[in-house]
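Q: One structure coming up, written as structure tokens, with questions to follow.
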Amino acid sequence: MSKSTLDIVNNDSQRPWRRANTWLVVALLAVVLAGAMAGCACLGVVRFSWAEMWTSPIFWQLRLPRVVLTVLVGAMLSVSGAVYQSVFRNPLTDPYVLGISSGASLGAAIAILLGLEALLLGVGGMALLTGLLTMLIIFKVATIGNRMHTSTLLLTGVCLTFLITAIISLLMALRQDKMESIIFWTMGSFASASWLDVIILVPVALAGLFVVVYYSKDLNLLLAGSETAKSLGVEVEKVKRRLLLATTLMVAFSVSTCGVIGFVGLVVPHCVRLVCGANNRKVVPYSIFVGGLFLLLCDTAARTLLPPNELPVGSITALVGAPMFIVLLYKSKRKY
């Protein structure tokens with residue numbers, strides 16, 4: 001590993017918060033997130049006190065499943081973004097920018113048109129299938145020989161996003177009776193969150209996050225490049241396949257429950273790295289909680305800013321993420 005890479009990964013001694021015990025910080029973040037979940041569950045068109053919260057059907061049947069689902073999706077999207085940025089060694093990559101979220105939304109749209117919503121994994125299964133297919137197409141186009149070009153990767157993702165958006169628009173024009181349901185997937189919303197969605201998402205989240213945390217040390221080595229990682233004993237291709245499969249599963253199932261929500265995987269890992277450095281053994285666990293908190297606050301804003309109307313949560317995350325993406329792109333323009 002080069003000295004510069006070692007400096008990036010092992011710079012915990014430079015600032016006090018980088019020397020902090022990882023699990024102590026995780027415990028603190030968990031407490032903050034739990035408090036935010038309880039507080040956000042009290043907010044909405046119908047408001048109630050802490051005492052009323054525990055006996056309210058609105059809290060147990062509507063607010064709580066929505067809050068839990070929002071945190072799960074935020075955690076999965078942010079961790080997926082952290083993985084993509086480390087694997088491809090580019091801070092501009094995330095599931096939305098790469099087009100994987102859009103690919104999964106196409107599968108969800110097709111499932112809706114085919115009337116598969118009633119099946120347990122009908123929409124989720126189609127979202128997973130098209131998400132994986134989109135990922136394979138992007139990687140195939142961006143790979144020349146044994147090397148994956150990040151600039152080509154990003155351009156391919158952007159082009160596929162435009163193509164998929166056009167296809168979804170065409171589907172909506174052909175089946176206007178399904179337009180409202182399809183629009184849900186393209187704008188992102190937790191309005192229909194239920195305990196069934198939570199039950200479906202929990203095992204996917206636990207499995208995917210476990211895989212990423214398990215390989216967080218290998219992610220650090222991948223920052224030095226594939227050849228260097230191989231020389232240090234990492235089975236590069238196998239690790240990449242497992243990480244990308246785990247993250248694509250999380251992204252696809254997230255899309256199947258709430259639609260496309262962009263920029264979470266871009267904003268959260270980048271902000272976490274600004275605070276704690278590039279060590280993925282810290283970035284990954286921190287991103288789980290910070291991502292859940294970020295999306296929770298965005299969704300709370302989406303449903304409380306203009307009551308009784310509700311804004312698409314994807315619009316809120318884009319208002320934060322798009323300017324940051326432009327700044328990162330400007331800083332990285334010399335690489336293209």
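Q: Can you tell me the relative contact order of the chain? Whole percent, Cα pairs under 8 Å, sequence separation 6 or more.
A: 31
Q: Determine the dipole magnitude for region 66-335: charges of +1 sit on the beta-carbon of Lys and Arg, -1 on that of Asp and Glu, nothing else is charged, the reference point is the Cα centre, and the result goes in debye to the nearest 20.
A: Dipole magnitude for region 66-335 comes out near 1000 debye.
Q: Could you compute Rg(Cα) / (2.2 N^0.38 Å) for the chain, with N its residue count?
A: Compared with the compact-globule rule of thumb, the chain sits at 0.99.
Q: Could you tell me the center-to-center distance, by alpha carbons, between region 267-329 and region 32-77 in angstrom?
A: 18
Q: Cross-link list Lys140/Lys238; Lys140/Lys282; Lys140/Lys178: which exceed 24 angstrom alpha carbon to alpha carbon?
A: Lys140/Lys282; Lys140/Lys178
Q: To the nearest Å, what is the center-to-center distance of region 79-101 and region 212-247, using C-alpha atoms only?
A: Each part's Cα centre sits 14 Å from the other's.
Q: Ok, one more. Want the number for Thr304 to Gln176: 0.36 nm per residue separation, take away the alpha-carbon distance, what's left?
A: Extra length available between Thr304 and Gln176 comes to 43.1 nm.
Q: Tell me whether region 18-135 comes out rounded, prolate or oblate; compute the Cα gyration tensor, take square roots of the eigenvalues as a ≥ b ≥ c, and use a/c under 1.5 as the rounded threshold.
A: oblate
Coordinate-derived values only; no laboratory data. Computed from a predicted model, the values in this text were never measured in an experiment. Glycine gets a Cβ as well: all are built from the backbone with ideal geometry, and neighbour counts include every protein chain shown.
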